[in-house]
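See structure below.
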Amino acid sequence: MNATTLPTTPLLEVLDLHVEVNGKPILKGVNLTVNAGEVHAIMGPNGSGKSTLSHVVAGKPGYVVTGGSLRYKGQDLLALAPEERARAGIFLAFQYPLEIPGVNNVYLLKAALNARHRHLGLPEVDAFEFLQLVKSKMQRMQMPESFLSRGVNEGFSGGEKKRNEVLQMQVLEPTLALLDETDSGLDIDALKVVSNGVNDLRSPERAIVMVTHYQRLLDYIVPDQVHVLVDGRVLLSGGKELALELEQRGYDWVRAQDAA
Amino acid sequence: MNAAPGITPTAEDGQNALDRAVGGTYRHGFVTDIESDTLPPGLDEDVIRVISRKKDEPQFLLDWRLRAFRHWQTMQEPAWAYVRYPPIDFQSISYYSAPKQNKDGPKSLADVDPKLLETYDKLGIPLHERARLAGVAVDAVFDSVSVATTFKDRLSKAGVIFCPFSEAVKTHPALLEQWLGSVVPHTDNFYAALNSAVFTDGSFVYIPKGVRCPMELSTYFRINAANTGQFERTLIIADEGSHVSYLEGCTAPKRDENQLHAAVVELVALDNAEIKYSTVQNWYPGDENGVGGIYNFVTKRGDCRGHRSKISWTQVETGSAITWKYPSCILTGDDSVGEFYSVAVANHHQQADTGTKMIHVGRNTRSTIVSKGISAGLAQNTYRGLVKILPSAEGARNYTQCDSLLMSPTCGAHTFPYVEVRNPTAIVEHEATTSRIGEDQLFYCLQRGLSQEDAVNMIVNGFCKAVFKELPMEFAVEAQNLLAVSLEGSVG
Ligand SMILES: Nc1ncnc2c1ncn2[C@@H]1O[C@H](COP(=O)(O)OP(=O)(O)OP(=O)(O)O)[C@@H](O)[C@H]1O
Ligand SMILES: [Mg+2]
């Protein structure tokens, strides 16, 4: 992607990335460049490698990078542990958020924010200010305060878990946010609430990469670019209209185009 | 022994004098040298006489010790627990050494091993307690001494008796004679019999009728108990309608020369009384290679003798090379309640075989068992529980939840829940889970920026929450820190 060299370093640069899981190739040469201030959408059929890509960017163990490179602000991401990537500003909203029984939701949030503060050389958050902050974000996400003291995602409904992911994101204010199907399982109203939550974060310093199956989300969070990931490769990229076109023509059309 | 409510401190005074007189005559009855501070290794009746004499004990107590010893000699060391250790030579142990003065200890905190202080810091041990724990010479720790005096005043105003066992022998012999061995008889089991024969000290608590003990006996205990020896004896009696919360042990690493520990704890709750007994045990577990470490064989039992009485055991066990321990409740009184909440951590080469027994005798008795076992390294962690419903226990109920968390592929968790129901109206429920610490959970936390260490601690603490919430507040925090220290670097 050096053809489109910009004056600034891209926030995320994925170059010819090859990844295997248990010896099985999943990503087969992915290229993707995300600049600060941009919103990208990644679409593609089930099993095409979308979650794999976001996991590899976040540093989840179990994936073997067999080729290519991964850079964040020009830095080799593969050299960083997952927690270092998180502290450097990478946030992944999980497709399937994990339950951690017995651990207060608010406790995890505070530990996470403090970890980031330490990384930035800031003092630990003041308990009172922190609570004020979280409460205001919860209001924004229309989450009742009772969620603060519940176990992390423990017994949350599918939609509540997604909302909780975006709440965490709002509190942590990442530089690069990866949203893996955050819109799946949300009701119509929740989709708006969550979209507003994501849009709050749009800024010239940040970037958002969202994986979705539904073009509807893109009405709320309008992307700068749409990419289609098929069988471990980005076969097609374009503007917002690409999502509409996909919806009409399906993925076979993309495959046919690539074959052509 | 039958239920015998209604002990009053006044009734005991006459008896007290009598006992003392009896003990006094015996004082001249034998000749073994009692001047030396430490007895040579070995155990026979003379040794027991010396111990009793050194403690200035009344005759009944010596007789009781001797009966225990004679019985112990007929017993076999139990072999059923899931623990392995070389045979213990009971004749190679010295059964008495005078409580050491702290004269030889460090003169101030500045002289204490910085590593030890660092651990205190991690555990969040209050500053004023660190000096005592580190064994700093007593007169340098006047802060805590004055604190202790204040506590003593408040307790005696409430009529609460709380003193070292050896003191109770002199000041309240009648109470002792009435209750000692009434829950754990001197014949009970190998280690209890041994303890009965040779125990050197411990604690005695009596809460009078209708009294709510004005403070957690924890704080006081932590400031006072030192050198109770390897055979410790605790007796707590909660008279009708009284309430007490007792905290034993300490999160600070406890150094001890003695490898074998065999304590006995007896609790008695009369009508409407409640005893809450919390333990944090952090004895030396041995090094990473399994060398050294304390063998801890404990008998703890509570008798809910009165109607509507309640006894609740909460324990956090992280120490010792071998732990053999089953705090139990006998639910004699109708509508009485027994509870057992336990976190047992075993790391490296530690072996823990622990659990509880709930014996339902009375009608509508209820018991709850929540056991959380955490295994790491090469450790073996066993839960062994018995729920027994006798024919008389009409309408009895038990709920047992038994969870194991595995931190490494090389450790082991074992669960032996025995259930014996002899009354058809009883309801007994059992739930058990075993899980490996979740890779995905861990990654979720790392992705939020937590360090591996913090993530593990958080998940483990979440796992233990149902138990920690039963601990007194300030202790729960320390217990959490203790868990973190015990499991440092243990995810594999
Ligand atoms: N541990 C594993 N072992 C073998 N195959 C795996 C493993 N993990 C993932 N895969 C496979 O990798 C492929 C890509 O999975 P991924 O989760 O990235 O798909 P996705 O594009 O996110 O799909 P969806 O839209 O359904 O979420 C799938 O075929 C999946 O079965
Ligand atoms: Mg996916």
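The values are calculated or read from the model by the stated rules, or taken from the named source; none is laboratory data. All of these numbers come straight from a predicted model, not from anything done at the bench. A quick note on method: Cβ atoms are made from the backbone with ideal geometry, for glycine too, and the neighbour counts reach across all protein chains shown. Surface areas here come from the heavy atoms of the whole protein model, side chains and all, with no ligands, DNA or RNA. Shrake-Rupley method; radii C 1.70, N 1.55, O 1.52, S 1.80 Å.
Got a number for residues in region B:448-460 being crowded, with 20+ Cβ neighbours inside 10 Å and facing chain A (nearest Cβ under 7 Å)? Full working, then the answer.
Looking only at region B:448-460, we keep the residues that are crowded, with 20+ Cβ neighbours inside 10 Å, and these are B:448-450, B:455-460.
Those left that are additionally facing chain A (nearest Cβ under 7 Å): B:448-450, B:458-459.
The qualifying residues number 5.
Rundown of residues vs (1) among the polar types (S, T, N, Q); (2) within 16 Å of ligand 1 (Cβ to nearest atom), yes/no style:
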| site | (1), (2) |
| --- | --- |
| A:Q75 | yes, no |
| A:L92 | no, yes |
| A:I100 | no, no |
| A:N104 | yes, no |
Being among the small types (G, A, S) and modelled with pLDDT under 95 is the filter here, so list the residues in region B:256-278 that pass it. B:A262, B:A263, B:S278
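Of the residues A:L178, A:L235, A:L217, which is closer than 18 Å to A:L53 by Cα and either at pLDDT 95 or above or within 16 Å of ligand 2 (Cβ to nearest atom) (or both)?
Details: A:L235 fails: either at pLDDT 95 or above or within 16 Å of ligand 2 (Cβ to nearest atom) (or both); A:L217 fails: closer than 18 Å to A:L53 by Cα.
Answer to the check: A:L178.
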Going by the structure shown, is A:V152 in contact with a helix residue (DSSP H, G or I) (Cβ under 6 Å, 6 or more places away or on another chain), aliphatic (A, V, I, L, M), open to solvent by 20 Å² or more (accessible area, probe 1.4 Å) and within 14 Å of chain B (Cβ to nearest Cβ)? no
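Would you mind finding the one in B:C445, B:C411, B:C464 that is of a type outside the set (S, T, N, Q) and in contact with a Lys or Arg (Cβ under 8 Å, 6 or more places away or on another chain)?
Numbers: B:C445 fails: in contact with a Lys or Arg (Cβ under 8 Å, 6 or more places away or on another chain); B:C411 fails: in contact with a Lys or Arg (Cβ under 8 Å, 6 or more places away or on another chain).
Step by step, each of B:C445, B:C411, B:C464 is checked, and only B:C464 is of a type outside the set (S, T, N, Q) and in contact with a Lys or Arg (Cβ under 8 Å, 6 or more places away or on another chain).
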A:G74 being open to solvent by less than 50 Å² (accessible area, probe 1.4 Å) and at positive phi: yes
Number of positions in region A:40-53 that are away from ligand 1 (no atom under 11 Å from the Cβ) and either part of a helix (DSSP H, G or I) or in contact with an Asp or Glu (Cβ under 8 Å, 6 or more places away or on another chain) (or both): 1
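Filter region A:45-73 down to the residues that are among the small types (G, A, S) and farther than 27 Å from A:D200 by Cβ and list them by number. So that I can check it myself, show each step before the final result.
Applying the first criterion (among the small types (G, A, S)) to region A:45-73 yields A:47-49, A:51, A:54, A:58-59, A:62, A:67-69.
Answer for region A:45-73, where residues must be among the small types (G, A, S) and farther than 27 Å from A:D200 by Cβ: A:G47, A:S48, A:G49, A:G62, A:G67, A:G68, A:S69.
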Do any residues in region B:172-184 that are under 16 Å from B:F162 (Cβ atoms) have Cβ atoms under 9 Å from those of residues that are assigned to a loop (DSSP other than H, G, I, E, B), where the two are at least six apart or on different chains, and which pairs are they? B:L175/B:I7; B:L176/B:P58; B:W179/B:M1; B:W179/B:A4; B:W179/B:I7
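Okay, residues lined up against (1) at pLDDT 95 or above; (2) open to solvent by 20 Å² or more (accessible area, probe 1.4 Å):
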| residue | (1), (2) |
| --- | --- |
| B:G241 | yes, yes |
| B:V280 | no, no |
| B:S312 | yes, no |
| B:G333 | yes, no |
Pairs, first within 14 Å of chain B (Cβ to nearest Cβ) in region A:9-32, second within 16 Å of ligand 1 (Cβ to nearest atom) and β-branched (V, I, T), C-beta under 8 Å, six or more apart: A:V21/A:T52; A:V21/A:V64
Which one of B:I374, B:I437 is surrounded by 15 or more Cβ atoms within 10 Å (Cβ to Cβ), β-branched (V, I, T) and under 24 Å from the mean Cα position of the chain (by Cα)? B:I374
Anything in region A:177-211 that is among the hydrophobic types (A, V, I, L, M, F, W, C), away from chain B (no Cβ under 14 Å) and within 16 Å of ligand 1 (Cβ to nearest atom)? List them, or say none. A:L186, A:V209, A:M210, A:V211
Can you tell me which of (1) part of a loop (DSSP other than H, G, I, E, B); (2) farther than 22 Å from B:I437 by Cβ is the one A:G67 doesn't meet? (1)
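With respect to A:Q132, determine if the residue is assigned to a helix (DSSP H, G or I), open to solvent by 70 Å² or more (accessible area, probe 1.4 Å) and modelled with pLDDT of 90 or more.
Numbers: assigned to a helix (DSSP H, G or I): yes; open to solvent by 70 Å² or more (accessible area, probe 1.4 Å): yes; modelled with pLDDT of 90 or more: yes.
So A:Q132 passes the test.
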Looking at (1) at pLDDT 90 or above; (2) away from chain A (no Cβ under 14 Å), can you tell me which one B:S408 breaks? (1)
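Among what's in region A:86-108 and is in a helix (DSSP H, G or I) and either open to solvent by 40 Å² or more (accessible area, probe 1.4 Å) or more than 8 Å from chain B (Cβ to nearest Cβ) (or both), pick the residue that is farthest from A:G158 (Cα to Cα). Let's see the steps before the verdict.
Initially, region A:86-108 is screened for residues in a helix (DSSP H, G or I), giving A:86-87, A:105-108.
If we keep only those that are either open to solvent by 40 Å² or more (accessible area, probe 1.4 Å) or more than 8 Å from chain B (Cβ to nearest Cβ) (or both) too, we end up with A:87, A:105-107.
Numbers: A:R87: 27, A:N105: 16, A:V106: 19, A:Y107: 21 Å.
Looking at residues that are in a helix (DSSP H, G or I) and either open to solvent by 40 Å² or more (accessible area, probe 1.4 Å) or more than 8 Å from chain B (Cβ to nearest Cβ) (or both), I get A:R87.
Taking strands (runs of 3 or more DSSP E) that fall entirely within region A:157-260, which contain at least 3 residues that are open to solvent by less than 20 Å² (accessible area, probe 1.4 Å)? Spell out the reasoning first.
Values: elements: A:176-180, A:207-211, A:225-230, A:233-238.
By residue number, A:176-180, A:207-211, A:225-230.
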A:D16 passes all but one of the listed conditions (1) within 16 Å of ligand 1 (Cβ to nearest atom); (2) farther than 21 Å from A:V222 by Cα; (3) at pLDDT 95 or above; the exception is number (1)
Specify the residue that is least open to solvent (accessible area, probe 1.4 Å); the eligible residues are those in region B:461-479 that are more than 9 Å from chain A (Cβ to nearest Cβ) and among the charged types (D, E, K, R). B:E478
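Of the residues A:V34, A:V56, A:V64, which single one is within 13 Å of ligand 1 (Cβ to nearest atom) and surrounded by 21 or more Cβ atoms within 10 Å (Cβ to Cβ)? Break it down into steps so the answer makes sense when it comes.
Details: A:V34 fails: within 13 Å of ligand 1 (Cβ to nearest atom); A:V64 fails: surrounded by 21 or more Cβ atoms within 10 Å (Cβ to Cβ).
The unique qualifying residue is A:V56.
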All but one of (1) surrounded by 20 or more Cβ atoms within 10 Å (Cβ to Cβ); (2) of a type outside the set (D, E); (3) away from ligand 2 (no atom under 16 Å from the Cβ); (4) assigned to a strand (DSSP E or B) hold for A:V19; which doesn't? (3)
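Tell me the residue from A:G62, A:G89 that is within 16 Å of ligand 2 (Cβ to nearest atom) and either touching a residue at least 40 places away in the same chain (Cβ under 8 Å) or in contact with a Cys (Cβ under 8 Å, 6 or more places away or on another chain) (or both), please. Before you say what the answer is, go through the steps one by one.
Details: A:G89 fails: within 16 Å of ligand 2 (Cβ to nearest atom).
It is A:G62.
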Would you be able to say whether some residue in region B:437-447 is out of contact with any Phe, Trp or Tyr (no Cβ under 9 Å at 6 or more places or on another chain), more than 14 Å from every other protein chain (Cβ to nearest Cβ) and acidic (D, E)? no
Would region B:384-395 turn up any residue that is hydroxyl-bearing (S, T, Y), surrounded by 15 or more Cβ atoms within 10 Å (Cβ to Cβ), away from every other protein chain (no Cβ under 14 Å) and free of Cβ contacts under 8 Å to residues at least 40 places away in the same chain? yes
If you take the residues of region B:177-195 that are closer than 17 Å to B:I236 by Cβ and in contact with a helix residue (DSSP H, G or I) (Cβ under 6 Å, 6 or more places away or on another chain), which of them is most open to solvent (accessible area, probe 1.4 Å)? B:E177
Residues of region A:37-51 that turn out to be buried (at least 19 other Cβ atoms within 10 Å of the Cβ), within 13 Å of ligand 2 (Cβ to nearest atom) and away from chain B (no Cβ under 14 Å), as a count: 6
When B:P409 is run through (1) open to solvent by less than 70 Å² (accessible area, probe 1.4 Å); (2) touching a residue at least 60 places away in the same chain (Cβ under 8 Å), the failure sits at (1)
